[in-house]
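The structure appears right after this line, and notes come after that.
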Amino acid sequence: MTGARHYLDCNATMPLRPEARQAIADALLTTGNASSVHAEGRAARALIERAREAVARLAGVAPAAVHFTASGTEANNWALAAAPGRTVAVSAVEHDSVLRAAERRGARLLPVDFNGVVRLDALEAALVDGVGLVSLMAANNETGVLQPVAEAAALCRAHGAILHVDAVQAAGKLELAPLAAEAALLSLSAHKLGGPAGCGALIVGGDVAPPPLLVGGGQEARRRAGTENLLGIVGFGAAAAAAQPATEAARLGALQRRLEAALLESCPALEIFGADVSRLSNTTCVRMPGVAAEVQVMSLDLAGVAVSAGAACSSGKVRPSHVLAAMGREEEAGEAIRISTGWATSAADIDAAAEAWSTLWQRKSAA
Ligand code: PLP
């Protein structure tokens, strides 16, 4: 690759924070197995527990509530295995790792409105009908749209249902403590907040305990056996400690306004999905009318700008985004790209993206 690159696909994976890189490099020198009683083992254990404390601080929970997993996907799958026997409902815009796990339990899909916000009347009706486990994401990975977690939690409480919140995209961008206070189960993923991929966590609060995910050794309070991924966990802890959601959200919000104003100026016919409701300040899902998302992604890539068409997990496949489809926007979904920023994003990255996108629009609209 030649020329400057501008990485704006942070919802797919956030660049590793320098603090995480350093912590991982240091931990490479640790030999012990955290289950061993000797000094080397105790050193590994200390690193893991320090990371657990950092993740717990970020989430506003007690360290004992944090259970490390191999990914956000694993945390979601595990959460969806909670309370066997109860009927499950999930919103139609959840990540595939929730949707596919929910399918196994014959879950109901809760509709969303035009902006992608879950219909609380549908949730209430499902609860009245006996749904006992609900999964609702805090923030959508494609549009950044926030869900009304507090309202959903109040409804769940009123009906004795358990609430799981997929906070994978919210972590590092929003304060997690209010979400963790509402949810019995909360999923996180290290690589979405500047830690390494391949490490996540399920926060298990109160008296809700999903059945052990993996049995074997006594790791993770006997709920998820297997020698811990020391490097991943250490990197996760360092990223969690470095994240400053309020400060970062304010800085990224200014970049988001700059980006969207520039895009709108060049192409007044554009559409920004979820623009009328609360969104993450790092995510812009924008549609260039009449231009396929793949063309936009490739054109920006050639200009040095990395963005994605819909969710990373579904890119490469020609299926329209299930998120935009659930919003009633299936037709338009093929023209939507996602621009997502993070701790390393600068105003120069934003300007490069806006320029490349505007250039493409001018070319296409002149053709
Ligand atoms: N939940 C959401 C909202 C996500 O965006 C993702 C990843 O894109 C996941 C869960 C899965 O996380 P992981 O990549 O760690 O498996």
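Total residues in the range 40-61 satisfying the condition of being open to solvent by 60 Å² or more (accessible area, probe 1.4 Å) and either touching a residue at least 24 places away in the same chain (Cβ under 8 Å) or of a type in the set (A, V, I, L, M) (or both): the figure is 3. Test Ala348 against the criterion of being surrounded by fewer than 20 Cβ atoms within 10 Å (Cβ to Cβ), under 19 Å from the mean Cα position of the chain (by Cα), at pLDDT 95 or above and over 14 Å from Asn140 (Cα atoms), and give yes or no. No; evaluated as a whole, the condition is false for this residue. In the set (1) under 30 Å from Phe236 (Cα atoms); (2) of a type outside the set (A, V, I, L, M); (3) in a helix (DSSP H, G or I), Glu124 fails one condition alone, (1). Within the range 318-333, being surrounded by 15 or more Cβ atoms within 10 Å (Cβ to Cβ) and more than 22 Å from the chain's Cα centre (by Cα) holds for one residue alone: Glu332. Could you say whether any residue in the range 97-117 is more than 30 Å from Ala326 (Cβ to Cβ) and open to solvent by less than 20 Å² (accessible area, probe 1.4 Å)? Looking for residues that are more than 30 Å from Ala326 (Cβ to Cβ) and open to solvent by less than 20 Å² (accessible area, probe 1.4 Å), one finds none in the range 97-117, hence no. Kindly check whether there is at least one residue in the range 130-148 that is charged (D, E, K, R), within 15 Å of the ligand (Cβ to nearest atom) and out of contact with any Gly (no Cβ under 8 Å at 6 or more places or on another chain). No, the range 130-148 has no match at all.
Among residues of the range 65-76 that are within 16 Å of Gly194 (Cα to Cα), those with a Cβ under 8 angstrom from a residue that is within 6 Å of the ligand (Cβ to nearest atom) and of a type in the set (Asp, Glu), sequence gap 6+ or separate chain, pair up as Gly72/Asp166. Checked against (1) open to solvent by less than 40 Å² (accessible area, probe 1.4 Å); (2) within 15 Å of Gly237 (Cα to Cα), Asp26 passes all but condition (1).
What are the residues in the range 58-89 that are among the β-branched types (Val, Ile, Thr) and within 16 Å of the ligand (Cβ to nearest atom), if any?
Val66, Thr69, Thr73
The residues of the range 111-121 that are in a loop (DSSP other than H, G, I, E, B) and touching a residue at least 40 places away in the same chain (Cβ under 8 Å), listed by number, are Pro111, Asp113, Phe114, Asn115, Gly116, Val117.
The values are calculated or read from the model by the stated rules, or taken from the named source; none is laboratory data. No experiment lies behind these values; they were computed from the predicted model shown. Cβ: placed from backbone, ideal geometry, glycine included. Neighbour counts: every protein chain shown. Surface areas here come from the heavy atoms of the whole protein model, side chains and all, with no ligands, DNA or RNA. Shrake-Rupley method; radii C 1.70, N 1.55, O 1.52, S 1.80 Å.
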